[in-house]
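Each remark here refers to the structure printed beneath this line.
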Amino acid sequence: MSLRTRASLIALAALGSVLVSAPAASAEERTCRGSIGATTLDNVRVPAGATCTLTGTLVKGTLKVETGATLYASRIRVVGNVQAEGHRYVRVHDSRVGGSIQLTQGGALDLRRDVVTGDIQLFTNTSGAKYLYGNRVDGNLQCKENRPAPVGSGNIVQGNKEDQCARL
């Protein structure tokens, strides 16, 4: 075997071991301040105090709304969850969520005509109106310790309607 062939084989073996041991790329997170239209993203984060408008957006992971932030979402699809803690306002209309919508310790919210594969969970949201109209929920609709209590109608829930949402 020639020196050149041997060197090529060694280089190829070294490259192969690097490719095999390279870590998998993690999902990217897009920070939203302003508007995002019909595009596909991995994860979306609305940072503290920011306002984000999503229209026709596909989120392959999680959509997270941070403290004091506002989300306006229309005709979006989220493969994972929509999560907010300490939010100012969350509005999701005419959208599909593959996981759950979890809104806790925040403010106002408006969920209308959404299809949710998991649960809708609204816990300890203490300012602003809370509207739930015409949603289809494959899991449970759970509402506890919200002030004022959520209002709405026409929600179709495969699981249980619980506590403050029992009559919605």
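FYI, it's all coordinate maths here, none of it is from the lab. Treat the numbers as computed from the prediction; the structure is a model and nothing was measured. Neighbour counts are summed over all protein chains in view; Cβ atoms, including those assigned to glycine, are modelled from backbone coordinates with ideal geometry.
Observations on the structure shown:
- Summarising the label geometry, the points placed 7 Å from Cα in the beta-carbon direction at I156 and L58 lie 2.5 nm from one another.
- Built from the Cα atoms of the range 28-163, the convex hull projects on average onto 6.4 nm², one quarter of its surface area.
- If the segment from D163 to D42 were pulled out straight at 0.36 nm per residue, it would be longer than the present Cα-Cα gap by 40.2 nm.
- Evaluating 6.51 cos²θ - 1.76 cosθ + 1.60 at θ = phi - 60° for every residue in the range 103-112, the Karplus couplings come out as 10, 10, 6, x, x, 6, 7, 8, 10, 9 Hz, glycine and proline recorded as x.
- Other residues whose C-beta falls under 12 angstrom from the C-beta of A108 contribute a net charge of +3, scoring Lys and Arg +1 and Asp and Glu -1.
- HN-Hα J in Hz across the range 92-102 - Karplus 6.51, -1.76, 1.60, θ = phi - 60°, x for Gly and Pro: 10, 10, 6, 10, 10, 10, x, x, 10, 10, 10
- Spin-label model, R147 to R30: label points 7 Å out along the Cα-to-beta-carbon direction sit 3.8 nm apart.
- Within the same chain, aspartates and glutamates fewer than 8 places from K161 are excluded, and of the rest, those with a Cα less than 13 Å from its Cα are D119, D138.
- Amide H contacts of D114 (H built 1.01 Å from N, under 5 Å, at least 5 apart or other chain): D94, S95, N135, R136
- Cross-link partners for K64 among the lysines, with Cα-Cα distance under 19 Å and sequence neighbours closer than 8 places in the same chain left out: K130.
- 11 Å beta-carbon shell around G154, net charge (K/R +1, D/E -1): +3
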